[in-house]
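The values are calculated or read from the model by the stated rules, or taken from the named source; none is laboratory data. Please read all numbers here as calculations on a predicted model, not as lab measurements. Cβ coordinates were reconstructed from backbone atoms using ideal geometry, including for glycine residues, and neighbour counts include every protein chain displayed. With ligands, DNA and RNA removed, areas are computed over all heavy atoms of the protein, side chains included. Shrake-Rupley method; radii C 1.70, N 1.55, O 1.52, S 1.80 Å.
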Amino acid sequence: MAGRRLKAAERRASILAVARVLFADQGYHGVSVDDIARRLGVSPAVLYRHFESKAALYEAVLEEMTARRQSYIDAALAGPDDFGSVLRRMAQVFAANLARDPDYLRMEMQAALEGGETWQRFFRHRWKSFTDFIEEHLRERAREGHPVAVTPVVASTLFQGMIREALYAKCVQEDERFRHLEVPALVDQLITLFLRAIGETEGAPPTSA
């Protein structure tokens, strides 16, 4: 009995692994259950024993990837608590996760191209910690009477776009221009540019030279 359960768990894991690669390369609409089954060398019926539909399989892939996401709480509490320092540490955690798991970024880009609202909403939630943090900080500054160089939604969009594009070029496309620039250094420079663009102090410098 235990052996059969283990075999089923292994089969499910293999389905998720193959589906993840195909969804990342071709998008949700570009992949069929038959495609996944063929890659695994099994019949579609085997997949349907573990997942009731392609949508359920896609959701399971996303859930598995999201389950490994780190919390930003430790990063936020790990040093100076000014806006720039906290954002810098959060961004480094986020970037390190995506660098280890670039398939997630591929799937996000595919979802953006396909236009599926359900999946886009899921990926927007991945950025929500940053968009909320940036936008609320700038609104608070405005309420306190401080000059704000850019509207909150524009600032959060700028942050998301620059981080996503740079990590896509570095980790997915493996752009030769970024070959000698490690992810932490790349992100640190982006955060410095972002903070300057929105008129904020740059936060704590990186710990390494």
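At a glance:
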quantity	calculated
Qualifying position, being open to solvent by 50 Å² or more (accessible area, probe 1.4 Å), charged (D, E, K, R) and touching a residue at least 60 places away in the same chain (Cβ under 8 Å), among 34, 74, 25	25
The one condition in (1) open to solvent by 60 Å² or more (accessible area, probe 1.4 Å); (2) in a helix (DSSP H, G or I); (3) in contact with a helix residue (DSSP H, G or I) (Cβ under 9 Å, 6 or more places away or on another chain) that residue 130 fails to fulfil	(1)
Residue check for residue 124: among the charged types (D, E, K, R), modelled with pLDDT of 80 or more and open to solvent by 80 Å² or more (accessible area, probe 1.4 Å)	no
Residue in the range 144-157 that is charged (D, E, K, R) and closer than 21 Å to residue 82 by Cβ present	yes
Pair list, Cβ < 6 Å and 6+ apart or interchain, from the range 185-197 residues that are over 16 Å from residue 165 (Cβ atoms) to residues that are assigned to a helix (DSSP H, G or I) and open to solvent by less than 20 Å² (accessible area, probe 1.4 Å)	195/84
Members of the range 77-88 that are open to solvent by less than 50 Å² (accessible area, probe 1.4 Å) and either in a helix (DSSP H, G or I) or touching a His at 6+ places or on another chain (Cβ under 8 Å) (or both)	83, 84, 85, 86, 87, 88
Qualifying residue in the range 6-13 (condition: among the acidic types (Asp, Glu), open to solvent by 40 Å² or more (accessible area, probe 1.4 Å) and closer than 18 Å to residue 103 by Cβ)	no
Check on residue 186, open to solvent by less than 90 Å² (accessible area, probe 1.4 Å), under 15 Å from residue 98 (Cβ atoms), part of a helix (DSSP H, G or I) and out of contact with any His (no Cβ under 8 Å at 6 or more places or on another chain)	yes
The listed residue being assigned to a loop (DSSP other than H, G, I, E, B) and charged (D, E, K, R), out of 136, 140, 165, 174	174
Near pairs, Cβ below 8 angstrom, 6+ apart or cross-chain, from the range 135-153 (without any contact (Cβ under 8 Å) to a residue 40 or more places away in the chain) to any residue that is of a type in the set (Ser, Thr, Tyr) and open to solvent by less than 60 Å² (accessible area, probe 1.4 Å)	135/156
Residue among 149, 155 that alone is farther than 15 Å from residue 95 by Cβ and modelled with pLDDT of 95 or more	155
Candidate set: the range 33-76, residues that are assigned to a helix (DSSP H, G or I) and hydroxyl-bearing (Ser, Thr, Tyr); chosen: the one farthest from residue 114 (Cα to Cα)	48
Test for residue 30: is it under 24 Å from the mean Cα position of the chain (by Cα) and either at pLDDT below 85 or in a loop (DSSP other than H, G, I, E, B) (or both)	yes
Subset of the range 143-162 [in a helix (DSSP H, G or I) and surrounded by 13 or more Cβ atoms within 10 Å (Cβ to Cβ)]	152, 154, 155, 156, 157, 158, 159, 160, 162
Residue 180 vs. criteria loosely packed, with under 12 Cβ neighbours inside 10 Å and modelled with pLDDT of 90 or more	yes
